[in-house]
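Visitor: Can you read through this structure? Questions will come right after.
The values are calculated or read from the model by the stated rules, or taken from the named source; none is laboratory data. The model shown is predicted, which means the values in this text are computed figures rather than measured ones. Glycine also receives a Cβ, built like all others from the backbone with ideal geometry; neighbour counts cover every protein chain displayed.
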Amino acid sequence: MISPLYLRTMAAYNSEMNRRLYAAAARLPDAVRREDDGLFWVTLHATLNHLLWADEMWMSRFDGWERPALGLKDSGKLIANFADLAAARAVADHRIEAWAQMLTDDDLQGDLVWYSGSTQTERRSPKWLLYTHFFNHQTHHRGQATAVTTKHGEDVGDTDLWLVVPEEIFAPL
């Protein structure tokens with residue numbers, strides 16, 4: 001259903017949109033990043049933390065990364081300092097792109113089995129579905145964060161996939 005090229009495309013999109021979002025968020029005062037904006041994770045800062053936490057959690061399953069020390073409930077508190085959060089985000093995005101570059105068609109086959117702390121059960125799902133979820137989850141919460149930065153007067157620019165992903169991603173075609 002998906003391909004390694006799709007995953008490389010989504011990894012590139014993820015990285016670029018995070019660069020744009022974090023640049024916009026950095027132009028906001030820290031107090032604004034931490035104010036209750038009615039998001040699922042309440043604040044922009046907590047939402048950005050949750051996104052990094054979730055990416056690290058999934059990558060611990062996909063690629064052996066270290067699992068975040070906090071559980072889901074506290075994922076919005078992963079990193080207190082915005083500059084440190086932005087730096088960690090950039091490192092994670094680089095690592096996600098490197099992971100996506102290494103994937104083959106065979107890597108998308110089969111199931112992933114893991115223990116979910118959220119559901120307190122062992123889970124099993126097709127890898128391709130979980131990889132799709134991984135990038136969909138990023139887009140979902142990043143959309144919320146983008147709306148908040150826009151609300152506070154900062155623009156992240158174009159967000160459409162075809163306008164954001166560098167054309168060189170498709171060079172192998």
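Visitor: Checking G76 against (1) modelled with pLDDT of 95 or more; (2) crowded, with 17+ Cβ neighbours inside 10 Å, which single condition isn't satisfied?
Guide: Here G76 meets the rest and fails (1).
Yes/no matrix, rows are residues, columns are (1) farther than 29 Å from D30 by Cβ; (2) part of a loop (DSSP other than H, G, I, E, B):
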{"site": "Y115", "(1), (2)": "yes, no"}
{"site": "L129", "(1), (2)": "yes, no"}
{"site": "H141", "(1), (2)": "no, no"}
{"site": "T146", "(1), (2)": "no, no"}
{"site": "T149", "(1), (2)": "no, no"}
{"site": "E154", "(1), (2)": "no, yes"}
{"site": "W162", "(1), (2)": "yes, no"}
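Visitor: Further, regarding this structure: Filter region 10-43 down to the residues that are of a type outside the set (D, E), farther than 19 Å from D155 by Cα and in contact with a Ser or Thr (Cβ under 9 Å, 6 or more places away or on another chain) and list them by number.
Guide: Passing the criteria: M10, F40, W41.
Visitor: Does region 8-29 include one or more residues that are more than 16 Å from R142 (Cα to Cα) and among the hydroxyl-bearing types (S, T, Y)?
Guide: Taking every residue of region 8-29 in turn, at least one turns out to be more than 16 Å from R142 (Cα to Cα) and among the hydroxyl-bearing types (S, T, Y).
Visitor: Quick one: A24 ticks every box in (1) at pLDDT below 95; (2) in a helix (DSSP H, G or I); (3) farther than 15 Å from F135 by Cβ bar one, so which box is it?
Guide: Unmet condition: (1).
Visitor: Output yes when any residue across region 101-114 is under 24 Å from V42 (Cα atoms), hydrophobic (A, V, I, L, M, F, W, C) and either in contact (Cβ under 8 Å) with a residue 12 or more places away in the chain or out of contact with any His (no Cβ under 9 Å at 6 or more places or on another chain) (or both), and no when none is.
Guide: no
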